[in-house]
Amino acid sequence: MLQQGHEYWMSVAFREAEKAYSKGEVPVGAVIVHENQIIGRGHNQIEALQDPTAHAEIIAITAATQSLNSRRLLETILYVTLEPCAMCAGAIVLARIPLIVFGTHDPKSGACGSVLNVAQNSKLNHRAEVLAGINQDQCASILKDFFRKLRNTN
């Protein structure tokens, strides 16, 4: 079976972000990969569900745990277009996801190194490796475009 690279899987996560964008949600998308297969995917649905926890990562984690029938997502990789926030980084740690690959940093609420580093906090019983900047320009561009349009309509 052909092994796909980080750029490929991030492009799949980006397609999830485009779904969020088309629905008026902050355009963040995520996929979780296990053995070169997507086992969970999600995009922000905070407004649609009126749920502050309906982040792309949380939705993808829930789908992945159901797919594996396990709360532990060992040997998986999370691809997400924007650096996870503290809530999502905490969920990643609890799910034991060993690798987080994200597109662009979040200088206001990123919790994988930008503002906090929940994902690699040595006081926690699990830490995730972090790989940042995959397809960064594309991931940053859709967010900038979304917020520019939001400002211009208000």
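The values are calculated or read from the model by the stated rules, or taken from the named source; none is laboratory data. Remember, it's a predicted structure, so these values are computed and weren't measured experimentally. Heads up, the Cβs are rebuilt from the backbone with ideal geometry, glycines too, and the neighbour counts pull from every protein chain shown. Side chains included, ligands, DNA and RNA excluded: accessible areas come from the protein's heavy atoms. Shrake-Rupley method; radii C 1.70, N 1.55, O 1.52, S 1.80 Å.
Quick test of your reading of the structure: Asp106 fulfils all but one of (1) open to solvent by 30 Å² or more (accessible area, probe 1.4 Å); (2) within 15 Å of the chain's Cα centre (by Cα); (3) among the charged types (D, E, K, R). Name the failing condition by number. Unmet for Asp106, out of (1) open to solvent by 30 Å² or more (accessible area, probe 1.4 Å); (2) within 15 Å of the chain's Cα centre (by Cα); (3) among the charged types (D, E, K, R): (1). Of all residues in the stretch 6-37, those being acidic (Asp, Glu), in a helix (DSSP H, G or I) and surrounded by fewer than 19 Cβ atoms within 10 Å (Cβ to Cβ) number 2.
Of the candidates Ala95, Ala140, Ala128, the single residue that is open to solvent by less than 40 Å² (accessible area, probe 1.4 Å) and either in contact with a Pro (Cβ under 7 Å, 6 or more places away or on another chain) or of a type in the set (Phe, Trp, Tyr) (or both) is Ala128. Please go through the stretch 39-92 and give me each residue that is open to solvent by 50 Å² or more (accessible area, probe 1.4 Å) and not in a loop (DSSP other than H, G, I, E, B), ordered by number. Matches in the stretch 39-92: Arg41, Glu47, Ala48, Leu49, Thr62, Gln66, Ser67, Leu68, Met87. Counting only residues that are more than 13 Å from the chain's Cα centre (by Cα) and closer than 13 Å to Pro98 by Cβ, the stretch 116-139 holds 5 of them.
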